[in-house]
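Let me begin by presenting the structure, written as structure tokens, before commenting on it.
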Amino acid sequence: MQIAARIQHRVGAFSLDVEFASSGPVLGVFGASASGKTTLLHVLAGLAQPAKAEIRVGERLLCHRPGGVSVPPERRGLALVSQDPLLFPHRSVRDNLGYAPGAAQLLESEHGARILSVLRIAPLLERGVRNLSGGEKQRVALGRALLSDPKLLLLDEPTSSLDAELAREVLALLGDVKRELRTPMVFVTHKAAELLALADDCLVLENGRVAAQGAPLSVLQRPRATSVASLVGVDNLLRLRVHAHDVAAGVTLLEIGDAQTLAVPLSDEPPGSWEHVGFYADEILLCLELPKGLSARNALPARTLRLDAIGHEVLVELAVGEQRLRARVTPAAARELALREGCEVVAVIKTSSIHRLGGA
Amino acid sequence: MSLSDAEIAVVWLSLRVAALCVALSILPGLAAGWLLARWNHPLRTLLHGLVMLPLVSPPVVTGYGLLVLLGRSRPLGRLWFELTGVHLAYTTTACVIAAAVVGFPLLVESTRISVLAIDRRLEDVSRTLGRGRVSTFLRVTLPLTLPGLLAGAVLSFARALGEFGATIVFAGNVEGETRTIPVAVYTLLNARGGESAVLRLVALSIALALAALLASFWLSARQRRLEAT
């Protein structure tokens, strides 16, 4: 599904001024709060009327202003799911799911049954919406949106009102929706891990402007936008292939460099698939020789590529095979180890300091 | 306690007037409540004030206002007579109008507050799910307003049962036509030996008013339960 948009919209002192095109299928919109993410979704959905805009979804022109075209929200076919589930309180779960025109029939069809099974909401059908848990409510909200048979699902931080465990669950469900139902999405988030797990293409918003666009990993690895850097907050982001699981040792081995592996906390991705991991530059110890009797699971031979003195710190860029790592040391340590470009060093990283950020 | 035929006629008239008053004012009440909650315009405050005026002005003044507006020799009253062949003032219709005007603020305020309490994002969601403005109003806004609207209707019903000041001025005291419970009580108080009848009517009107209040509280609690979700 091709989305192309050029939007200029003012809300009070805030202005949204963006131009982008993406073929998704899941376009992530990433940015800090007040960067314009939600406003962008509202303009796409037709709930806010921009002064100037040209919006196309697929072949269809949804908005052309000035120019007199503005398809009302109910005829755009873009269902919105926000961070609050916003279920209709006077309707049962079944009546919420069957709310959209044609949704009640779709609910009884094979496709409807698939939506219910992917979201695991079949057991909730006859319940009232009042006594559902937060995660259940959000699942019903997703089901209600999918049963409107949308051309595009607009997701506005759908996990941010949930606790960490439920957020992971809903994210996994969204992954299933993407894989099994193949519904294109525009997915707004401020969490890097969610972006990596779900999005194929990524738009970074900063103060209502597009600060970057590209594959999620590359956008996050080289955060040109300062807000992204602070949101990511992780200096090392890697996408590595799963080599093997060592359940007894409690680690998963990921391929890094030639015949080298990185031991990370046990993952459930099958060998051969991809895993995103992240860790801070402070978590890397640099040694000149392979240390003995080490509790840390990773001691990777590396080569220093660059040293940057920033304030009272030295940022060292390392090459481990094809991968680039960033380590942070004190100026004293850099002096004592006589670090300069092209040194052979050993990078020591504790397994427990490496965060898994999701597969794909 | 048993009521005489005349007293039964009085109670029956009162209930009929109150029911007609609610039937007459419920749609305008919904429209006004919605408008006062949603219409963002400087004139809104003025409109709100006009609607609420009968709540604070003496009912006798309201009755006089109605008489000036719709009296038998006034232009609007005459126009009505020419169109329909019946008068407005000093008829049962006048009782209904007087009660409706005096009870209107209660109906509107209850509706307005429940419209204000609706999370408008629910309406947005409804639009993106493919329901237009009218359909969204009927499927989301109206059902969520309903308990508040009904609570207001019950209050306005109870107020209509108790309406005296505007009624006596605009509708008078015509037996069988405009003599509602309060008017009958007033009449009996001025007559000799009416005291036992007064007691019966007073007891009945207190019971009706209390029942209406309880019903309105129950509906308001329903409204709050809807909002708590």
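Once label points are set 7 Å from the Cα along Cα→Cβ at both A:H111 and A:E341, what is their separation, rounded to one decimal in nm?
5.8
For B:F81, A:F187, what's the fewest-to-most ordering of other Cβ within 10 Å of each Cβ?
B:F81, A:F187
Could you compute the FRET efficiency for B:L189 and B:L214, with r as their C-beta to C-beta distance and R0 at 30 Å, rounded to 0.05?
On the way: r = 28 Å, r/R0 = 0.94.
Calculated value: 0.60.
Starting from a Cα-only point model with no solvent, please compute log10 I(q)/I(0) by Debye for region B:24-138 at q = 0.13, 0.22 1/Å.
Relative scattering, expressed as log10 I(q)/I(0), comes to -0.65, -1.19.
Hey, how much of the P(r) for region A:21-61 falls beyond 11 Å, as a percent of Cα pairs?
On the way: 592 of 820 pairs.
Tail of the P(r) past 11 Å holds 72 percent of the pairs.
Treating only the Cβ atoms of Lys and Arg (+1) and Asp and Glu (-1) as charged, compute the dipole magnitude of chain B about its Cα centre; round to the nearest 20 debye.
800
Report relative contact order for chain B in percent, whole number only (criteria: Cα-Cα under 8 Å, sequence separation at least 6). Mind showing how you got there, number by number?
Values: 301 pairs, mean separation 66.1, N = 229.
Once divided by the residue count of chain B, the mean separation gives 29 percent.
For region B:148-164, take each phi angle, set θ = phi - 60°, evaluate the Karplus expression 6.51 cos²θ - 1.76 cosθ + 1.60, and give the result in whole Hz per residue in order, putting x for glycine and proline.
Here the 3J(HN,Hα) series is x, 4, 5, 4, x, 5, 5, 4, 5, 4, 5, 5, 5, 4, x, 5, 10 Hz.
Quick one: A:R76, A:R120, fewest Cβ neighbours within 10 Å first, how do they rank?
On the way: A:R76 26, A:R120 15.
Ranked by crowding around the Cβ, least crowded first: A:R120, A:R76.
Sort out for me the Cα centre separation of region A:119-152 from region B:132-165, rounded to whole Å.
Going from one Cα centre to the other spans 30 Å.
As an exercise, take the mean of 1/r over every pair of distinct alpha carbons in region A:84-150, invert it, and state the Kirkwood radius in angstroms.
Values: mean 1/r = 0.0878 Å⁻¹.
Its Kirkwood hydrodynamic radius stands at 11.4 Å.
Across the protein assembly as shown, what fraction of all alpha-carbon pairs, as a whole percent, falls in each successive 10 Å bin from zero upward?
Using 10 Å bins, I get a P(r) of 3, 13, 18, 16, 13, 12, 9, 6, 4, 3, 1, 0 for the protein assembly as shown.
State which entries of A:K292/A:K350; A:K137/A:K191; A:K178/A:K350 exceed 24 angstrom in Cα-Cα distance in the structure shown.
Numbers: A:K292/A:K350 15 Å; A:K137/A:K191 21 Å; A:K178/A:K350 34 Å.
Pairs exceeding the cut-off: A:K178/A:K350.
Against the longest principal axis of chain A, how steep is helix A:164-176, in degrees 0 to 90 to the nearest 10, with axes from Cα atoms?
The angle comes out at about 70 degrees.
Can you find, among B:V56, B:A23, B:W39, the residue farthest towards the positive end of the dipole of region B:15-146? Put +1 on the C-beta of Lys and Arg, -1 on that of Asp and Glu.
Going by the charge dipole, the pick is B:W39.
Using Cα centres only, tell me the gap between region A:327-360 and region B:177-228 in whole Å.
84
Hey, what angle do you get for helix A:134-146 against the long axis of chain A, alpha-carbon based, 0 to 90 degrees rounded to 10?
60
For region A:292-360, count all C-alpha to C-alpha pairs, find those more than 20 Å apart, and express that count as a whole percent of the total. Each step should come with its number before you reach the end.
Details: 830 of 2346 pairs.
Here the tail beyond 20 Å accounts for 35 percent of pairs.
Given H placed on each backbone N at 1.01 Å, which residues far from A:V81 in sequence or on other chains put an amide H within less than 5 Å of it?
Amide H neighbours of A:V81: A:L154, A:L155, A:D156.
Using only C-alpha atoms and all pairs of different ones, pull out the Kirkwood radius for region A:3-232 in Å with one decimal.
On the way: mean 1/r = 0.0557 Å⁻¹.
By the Kirkwood definition, the hydrodynamic radius is 18.0 Å.
I want to verify the translational diffusion coefficient of region A:236-359 in µm²/s; compute it with Stokes-Einstein, Rh as the Kirkwood radius over Cα pairs, at 25 °C and 0.890 mPa s. Let's see the in-between values first.
On the way: Rh = 14.8 Å.
My calculation gives 166 µm²/s for D.
Per DSSP H run of n ≥ 4, the term is -39500 (n - 2.57); total these for the protein assembly as shown, divide by its residue number, and report the mean residue ellipticity at 222 nm rounded to 500 deg cm²/dmol. Present the calculation step by step, with values, prior to reporting the outcome.
Numbers: 21 runs with 259 residues, N = 589.
It lands at -13500 deg cm²/dmol.
A:D282 versus B:E175, label points 7 Å from Cα toward the beta carbon: distance in nm?
Placing both labels 7 Å along Cα→Cβ, they lie 9.6 nm apart.
For A:P184, what charge total do you get from the other residues with a beta carbon under 9 Å from its beta carbon, if Lys and Arg give +1 and Asp and Glu give -1?
On the way: positive: A:K151, A:K178, A:R182; negative: none.
Its environment carries a net charge of +3.
Based on the Cβ-Cβ distance of B:L138 and A:R306, what FRET efficiency does E = 1/(1 + (r/R0)^6) give at R0 = 60 Å, to the nearest 0.05? Before the final figure, lay out each step's value.
Details: r = 65 Å, r/R0 = 1.09.
It comes out at approximately 0.35.
Compute the convex hull volume of the Cα atoms of chain B, divide it by the residue count, and report the result per residue in Å³ as a whole number. Write down the numbers at each step before the final one.
Numbers: hull volume 33.5 nm³, N = 229.
Value for chain B: 146 Å³ per residue.
In debye to the nearest 20, how big a dipole does region A:248-347 give about its Cα centre with +1 on each Lys and Arg Cβ and -1 on each Asp and Glu Cβ? All intermediate terms of the calculation are to be shown ahead of the outcome.
Working: 9 positive and 15 negative charges, 67 e Å.
Dipole magnitude for region A:248-347 comes out near 320 debye.
Please report the antiparallel percentage of the DSSP beta bridges confined to region A:3-232, to the nearest 5.
Values: 28 of 45 bridges.
Bridges in region A:3-232 that DSSP calls antiparallel: roughly 60 percent.
Placing +1 at every Lys and Arg Cβ and -1 at every Asp and Glu Cβ, with all other atoms neutral, what dipole size does the protein assembly as shown have around its Cα centre, in debye to the nearest 20? Please list the in-between numbers first.
Details: 60 positive and 52 negative charges, 310 e Å.
Dipole of the protein assembly as shown, to the nearest 20 debye: 1480 debye.
For region A:102-187, which GluC sites (Glu not before Pro) pass both filters: DSSP loop (anything but H, G, I, E, B) and at most 14 other C-beta atoms within 10 Å? Before the final figure, lay out each step's value.
Working: sites: A:E108, A:E110, A:E126, A:E136, A:E165, A:E169, A:E180; in loops: A:E126.
Sites meeting the loop and neighbour criteria: A:E126.
I need B:E177, A:E194, B:E109 ordered by Cβ neighbour count within 10 Å, fewest first. If you can, show how the numbers build up before the last one.
Details: B:E177 16, A:E194 27, B:E109 21.
Least to most surrounded, the residues fall as B:E177, B:E109, A:E194.
Just so you know, all these numbers are worked out from the coordinates, no wet-lab data involved. Just so you know, these numbers come straight off a predicted model, no measurement behind them. Note that each Cβ is placed from the backbone with ideal geometry, even for glycine, and that neighbours are counted across all protein chains shown.
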